[in-house]
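What follows draws every value from the coordinates through simple rules; no lab data is involved. Nothing here was measured: the structure is a model prediction, and the numbers come from that model. Cβ placement follows ideal geometry from the backbone for every residue including glycine, while neighbour counts extend to all protein chains displayed.
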Amino acid sequence: MKRYIDLIQQTFEFPTREFGIDENNSLLFNNVPLMPIIEKYGTPLKITYLPKITEHIENARMMFRNAIKKYNYKGTYTYCYCTKSSHFKFVLDEALKNGIHLETSSAFDMPIIKALHEEGKISKSTYIICNGHKRPQYLEYISEMLNDGFENLIPCLDNLDEIDHYLEHVDKAEQVQIAIRIATDEEPNFPFYTSRLGIRYKDVDEIYLEKIKPNKRFKLKMLHFFINSGIKDTAYYWSELTRFMFKYCEMKKICPELDSIDIGGGMPIQTSVVFNYDYQAMIDEIIENIQWICNKNNVPVPNIYTEFGSYTVGESGATLYKVIDIKQQNDREFWYMIDGSFITQLPDSWGIGQKYIMLPVNNWGLPYTKVNLGGLTCDSADYYNTEAHSEDLYLPMFDEEIDDQYIGFFHTGAYQESLGGYGGIQHCLIPATKHVLVGQDEEGNLTTELFAEEQDAESMMKILGYRSKRKKAEKLKLD
Ligand SMILES: Cc1ncc(COP(=O)(O)O)c(C=O)c1O
């Protein structure tokens, strides 16, 4: 009978740059042997391989550099990290080693920015692009930090009234740079025609002419656009980029200080071992298109900013489980039950059908079988049974009496904790997993560091109100 390794070698070019197996037929992830980590910390376990973050930042910068050189593009490229993809300090610490810039999306990002500044990880010249629909607290933080000398903090206007707050409250900054997020049209299969995020094309001139231009200290520096479905080689992406660039050129003619565009996030990451996205070709084409449109309009090319979230952090993450039970519920369906939950720990897999690279961690020398993976909650939707490249899911056929089977989901480093409500109350009170950081010391030795233990019952008891007395109810005054 064919072994799991034979199946993989028949299906993919294996080993890959990122995945291989060792002499014990166990998985290597970026040359990190996973079994010793599991033996040391147990499962369920999330790991973050920190060097991947730097690798991706370097790659993106290199590819933009290549494209800029190839087309003799006269603008610059600036890498910002979109904090909402993973707010964890270890992610920001690693990313900021590379002197990158940041993008925020909520009032609650701002204490993080301040803490990073206090620690000397960013300076007052670091670009902080503040996106999102802003509630009063967010507006106040932005104004306060602008007054405090964060010279490259750029509020990105999401609606027509946002600027009024800055006009009224930012009184100490000599110069305030403003961005406008332009609402893109959604993909044709989306339930809405135009995104609710940002300001519609028609209103951009008006807000500039009426509210920004008359105020000497305020300058429109940047136009921003973000395509929700990501940077993809589709007619839709190119037509939105083209429309956006024509608007940039039109605005540049009435607003000479406008000199930048932010093309958002959406750089894809690998969701299958077979992955044919040509990053360099895509970046080349973006640069070429931007330049072509600017030349056609006799306008200097803009400096380009990106806010890559998933691309920065996604591929650094892995989520490891043990198969704790094998269930056969009829003649055809085999369930491998895991010691965690898809709904709570990998919520994108449940909410939007996101696929990840899924591989067994050990037993690659055993024969394989088709399985469904079942999570621990009582919800029948807590399962995973297809891959990005295949309708079937295969894992080693192991004997529960003799072997333990561990499996891994890879590239899970973005969004899963914030969507799952890390450390909170989750379905069936499934706890947040243990989390281990994997890195390298100065001599190149692998290191591990326990970032967080598995969530305990006590933390849930507190959140649920079992550890505090309820306050006396107050009579509600009705006029
Ligand atoms: C405005 C903005 N920028 C950047 C991002 C990051 O996107 P990604 O994680 O796909 O790079 C998002 C994600 O929703 C976003 O809304």
The longest stretch of the chain containing none of the chymotrypsin sites (Phe, Trp or Tyr not before Pro) that sit in a DSSP loop with at most 10 other Cβ atoms within 10 Å is 194-465
Residue span ASP203 to ASN147: 0.36 nm per residue of separation minus Cα-Cα distance leaves a gain in nm of 17.4 nm
Net dipole in debye of segment 147-286 [+1 Lys, Arg Cβ; -1 Asp, Glu Cβ; about Cα centre; nearest 20]: 260
Spin-label point model (7 Å from Cα, Cβ direction): what's the ASN298 to ASP93 distance in nm? 5.5
For segment 303-348 versus segment 116-168, the gap between their alpha-carbon centres in whole angstrom: 35
Need the list of lysines near LYS471 for cross-linking: C-alpha distance under 30 angstrom, and skip anything on the same chain fewer than eight residues off. LYS462
17 Å reach of a label modelled at ILE324, 7 Å along Cα-to-Cβ, counting backbone N of segment 341-362: 341-346
If you place +1 on the Cβ of every Lys and Arg, -1 on the Cβ of every Asp and Glu, and leave all else neutral, what size is the dipole of the chain about its Cα centre, to the nearest 20 Debye? 1640
Set LYS40/LYS322; LYS74/LYS252; LYS2/LYS52; LYS89/LYS434; LYS247/LYS296 screened for pairs whose C-alpha atoms are more than 24 Å apart: LYS2/LYS52
Under 20 Å from the HIS133 label point (7 Å along Cα→beta-carbon), backbone N, segment 209-233: 224-229
If you take every DSSP beta bridge fully contained in the chain, what fraction is antiparallel? Give it as a percent rounded to 5. 50
Once both labels are modelled 7 Å past Cα along the beta-carbon direction, what's the GLU140-HIS169 spacing in nm? 0.7
Length gained when the stretch THR11-ALA381 is fully extended (0.36 nm per residue, less Cα-Cα span): 130.4 nm
Are there trypsin sites (Lys or Arg not before Pro) in segment 313-364 that DSSP marks as loop and that have at most 13 other Cβ atoms within 10 Å, and which are they? ARG332
Set of lysines near LYS211 by C-alpha distance (under 16 Å), chain-local residues within fewer than 8 positions excluded: LYS202, LYS219, LYS221
Just subtract the alpha-carbon distance of LYS2 and LYS232 from 0.36 nm times their residue separation and send over the number in nm, one decimal. 79.1 nm
